[in-house]
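The structure appears right after this line, and notes come after that.
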Amino acid sequence: MKISIHSRTLLLLFLSQLLSFLASKACHFVDKQALLHFKHNIISDPSKLLHSWSVSSDCCSAWEGVACSSSGRVVNVSRSGLVSDNDFIVDTYMSGTLSPYIGNLSSLQLLDLSNLKDLKGTIPPELGKLSQLTHLFLDSNKLIGSIPTAFGNLFRLEKLFLGDNYISGAVPSSVIGSLRSLVEIGLSGNTLSGPIPTSVGKLVLLAKLDLHGNNISGSIPTSIRKLKSLMYLDLSENQISGRLPQSIGALSQLVLLYLNHNQITGSIPSSISGLNSLRFCQLSENKLRGTLPASLGQLPKIERLIFENNKFSGELPETIGHLATLTDIFFSNNHFTGKIPSSFGNLHNLQTLDLSRNRLSGQIPPQLAKLQRLDTLELSFNSLGLISIPTWFARLKLFRLLLAKTGIQGQLPSWLSSSSISILDLSSNALTGKLPHWIGNMSSLSFLNLSNNGFHASIPVEFKILSLLMDLDLHSNKFSGHMDSIFSKETQNPLGQFNSIDLSNNLFTGPIDEDIGERSTMTSIKSLVLSHNPLRGSIPKSLGKLSELQVLKLVHNGLSGRIQMEFADATKLATVLLSSNNLSGTIPKEVLNLKDLQEFDVSGNQLSGKIPPHKANFPVSAFADNPGLCGAPLPPCNHS
């Protein structure tokens with residue numbers, strides 16, 4: 001009988017595995033007992049990760065997640081909560097505590113109990129006896145207590161991940177200084193405090209240091225300059241203070257530097273030019289100040305510069321225009337002055353330019369028209385004195401254009417009609433005239449903010465064609481007429497259903513359509529603000545059908561009639577403001593006791609009767625100026 005090549009390969013593979021099994025010794029008694037003690041401490045294992053760990057079977061050959069050496073000593077225990085199963089990742093958990101007997105696995109090299117979500121208690125100091133351990137993964141559990149000082153004995157440890165637990169206390173200097181073999185350390189998402197130990201400089205092999213999301217304080221130690229192999233440094237979301245050390249420029253292999261959400265002061269040192277490998281730099285949400293160093297333009301591989309929400313000042317350096325690899329600039333909410341450098345036009349890979357909320361002035365350089373990969377341009381809240389949006393903007397392929405409060409005057413430029421802009425914010429300018437009929441051609445619009453301008457007249461019927469529009473803000477203009485073109489616009493379900501509408505402080509007239517809550521475009525709306533328009537009429541019952549509605553503001557609309565009990569069907573309502581109308585009747589107890597209701601105001605109406613008992617603590621002012629209302633928090637009702 002002939003055996004195919006494929007069959008022979010399978011046969012040889014089986015025989016080799018069989019011989020390997022026969023040659024290896026059975027699981028060592030001490031190791032087996034240690035693992036059974038671990039299983040004993042697990043009180044819940046819904047996916048049966050430890051089902052095969054039975055007293056009657058061999059831990060080396062029959063237990064899933066356990067690997068042994070030829071001498072029968074356990075070298076690998078891997079029971080992660082993220083399990084690969086037939087090309088799918090199964091996300092599961094185990095509940096229990098870590099057994100100190102794990103410390104008896106004297107040959108253990110890898111221990112992975114990550115992502116089990118519900119391992120509790122402290123980390124046993126006995127783990128410090130695992131002198132052969134190279135990889136320790138205990139992240140994404142509910143472990144408490146401090147990092148055991150006995151970990152200082154793990155001289156062979158290369159990777160240590162304890163992130164996303166509830167570990168507290170200081171990062172022990174003695175431990176850090178002893179782990180000379182460490183390549184990666186991840187302690188993020190805990191409640192660690194105290195400074196970064198200066199002994200970190202002894203970890204000369206370290207490539208990744210992740211301490212983000214703790215309560216670490218103090219300054220960045222200058223000894224960090226010794227970490228010549230460091231590629232990933234994330235100290236974000238801590239309480240780190242002090243200045244950026246000059247020595248940071250020695251980290252020539254660093255690819256990622258995240259220091260955002262700290263209390264770092266001072267300026268960026270000129271030595272930053274030494275970060276030859278840096279691609280991602282995030283320094284946002286600090287207290288950095290001063291001018292940006294010209295040497296910033298000497299980062300040959302940089303892709304993202306995120307410096308927003310600091311106190312940087314002075315002019316933007318022209319040298320930034322040398323950064324050919326740069327894709328994103330986020331410099332918003334600083335104190336930058338002067339003009340936008342024309343050299344920014346050389347940033348051919350730039351996709352995002354956010355310079356909003358600064359003190360920039362002068363002409364926007366026409367050289368930016370060369371940025372054909374730019375999809376987001378945000379210059380809002382700068383004193384640019386634009387007068388009009390430059391016509392060369394039409395040559396850009398923008399997805400987001402945000403120019404709020406930049407001095408734009410006159411009418412909307414007609415080139416917008418042929419643009420593919422999805423997010424457009426021209427609020428707080430001096431735009432005037434009617435909303436043009438060609439607005440319907442802006443078929444990609446999903447977000448439109450034209451608030452705080454001088455628009456007038458009615459909304460054109462072509463507005464209905466904006467089938468992708470989900471967020472609309474037209475407040476504080478002089479729009480008039482009916483709102484039907486807005487509420488009955490087309491959708492591309494589920495796209496194009498409104499998320500928010502603000503039409504307040506205009507001259508829109510009503511009444512509000514009775515079937516507003518049944519319109520397909522309103523199905524997902526969370527915020528509806530129509531205050532300060534002469535709407536008149538009553539409040540439609542169908543508003544109660546808006547199951548996602550959280551905010552409803554109908555203040556000073558000349559509304560009459562009753563507050564409908566059906567409102568209570570909109571169970572997610574958190575804010576209901578109906579003040580300064582002509583509403584009458586009683587307040588439905590079902591509305592006043594909506595479980596998420598936090599803000600409620602019906603003052604200045606003609607309501608009467610007893611205020612229903614309610615759990616929320618609403619002030620007296622929320623019910624004031626309703627002559628017929630009584631009961632807490634107003635004076636008690638008179639039953640005479």
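The values are calculated or read from the model by the stated rules, or taken from the named source; none is laboratory data. This one's a predicted model, so the numbers in the text were calculated from it and none came from an experiment. Cβ: placed from backbone, ideal geometry, glycine included. Neighbour counts: every protein chain shown. Side chains included, ligands, DNA and RNA excluded: accessible areas come from the protein's heavy atoms. Shrake-Rupley method; radii C 1.70, N 1.55, O 1.52, S 1.80 Å.
When the stretch 37-81 is examined, which residues are found to be of a type in the set (A, V, I, L, M) and in a loop (DSSP other than H, G, I, E, B)? Steps first, answer last, please.
Taking the stretch 37-81 first, the residues of a type in the set (A, V, I, L, M) are 42-43, 49-50, 55, 62, 66-67, 74-75, 77.
Within the stretch 37-81, LEU49, LEU50, VAL55, ALA62 meet the criteria.
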Exercise. List every residue pair whose Cβ atoms lie under 7 Å apart, where the two residues are 6 or more positions apart in sequence or sit on different chains, the first residue falls within the stretch 168-196 and is touching a residue at least 24 places away in the same chain (Cβ under 8 Å), and the second residue, located anywhere, is of a type in the set (D, E, K, R) and assigned to a helix (DSSP H, G or I).
Key: GLY177/LYS202; ARG180/LYS202
Quiz prompt | Top-ranked residue in the stretch 354-375 [being open to solvent by 10 Å² or more (accessible area, probe 1.4 Å) and in contact with a strand residue (DSSP E or B) (Cβ under 8 Å, 6 or more places away or on another chain); ranked as nearest to ASN309 (Cα to Cα)] | solution = ASN358
Exercise. Considering only residues that are outside any loop (DSSP other than H, G, I, E, B) and within 12 Å of ILE306 (Cβ to Cβ), look in the stretch 276-296 and name the one that is least open to solvent (accessible area, probe 1.4 Å).
Key: CYS281
Quiz item: Given (1) farther than 29 Å from SER178 by Cβ; (2) surrounded by fewer than 18 Cβ atoms within 10 Å (Cβ to Cβ); (3) under 29 Å from the mean Cα position of the chain (by Cα), where does MET94 come up short, assuming only one miss?
Solution: (2)
Practice problem: Output the number of residues of the stretch 167-199 satisfying the condition of being within 23 Å of SER114 (Cβ to Cβ) and either β-branched (Val, Ile, Thr) or in contact with a Pro (Cβ under 7 Å, 6 or more places away or on another chain) (or both). | Solution: 7
Self-check item: The one condition in (1) over 19 Å from GLN606 (Cα atoms); (2) modelled with pLDDT under 95; (3) open to solvent by less than 30 Å² (accessible area, probe 1.4 Å) that PRO494 fails to fulfil
Solution: (3)
Quiz item: Of all strands (runs of 3 or more DSSP E) completely enclosed by the stretch 410-479, which ones contain at least 3 residues that are open to solvent by less than 40 Å² (accessible area, probe 1.4 Å)?
Solution: 423-425, 454-457, 471-473
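Could you run through the stretch 531-581 and say how many residues are hydroxyl-bearing (Ser, Thr, Tyr), under 33 Å from the mean Cα position of the chain (by Cα) and open to solvent by 50 Å² or more (accessible area, probe 1.4 Å)?
Result for the stretch 531-581: 2.
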Self-check item: Filtered residues of the stretch 234-267 (kept if among the β-branched types (Val, Ile, Thr) and open to solvent by 20 Å² or more (accessible area, probe 1.4 Å))
Solution: VAL255, THR265
Quiz item: Which condition number in (1) in contact with a Pro (Cβ under 9 Å, 6 or more places away or on another chain); (2) over 25 Å from LYS595 (Cα atoms); (3) at pLDDT 95 or above is the one that GLY510 fails?
Solution: (3)
Quiz item: Among the listed residues GLN363, GLN282, which satisfies the condition of being within 28 Å of SER422 (Cβ to Cβ) and at pLDDT below 95?
Solution: GLN363
Quiz prompt | Filtered residue count, the stretch 218-233, keeping only those that are under 29 Å from the mean Cα position of the chain (by Cα) and either open to solvent by 30 Å² or more (accessible area, probe 1.4 Å) or basic (Lys, Arg) (or both) | solution = 3
Practice problem: Mind listing whichever residues of the stretch 183-193 are part of a strand (DSSP E or B) and in contact with a Lys or Arg (Cβ under 8 Å, 6 or more places away or on another chain)? | Solution: GLU184, ILE185, GLY186
Exercise. Please specify each residue of the stretch 11-50 satisfying the condition of being surrounded by 12 or more Cβ atoms within 10 Å (Cβ to Cβ) and either aliphatic (A, V, I, L, M) or modelled with pLDDT under 50 (or both).
Key: ALA26, VAL30, ALA34, LEU35, LEU36, ILE42, LEU49, LEU50
Self-check item: From the options TRP438, TRP392, residue that is at pLDDT 95 or above and under 24 Å from ASN493 (Cα atoms)
Solution: TRP438
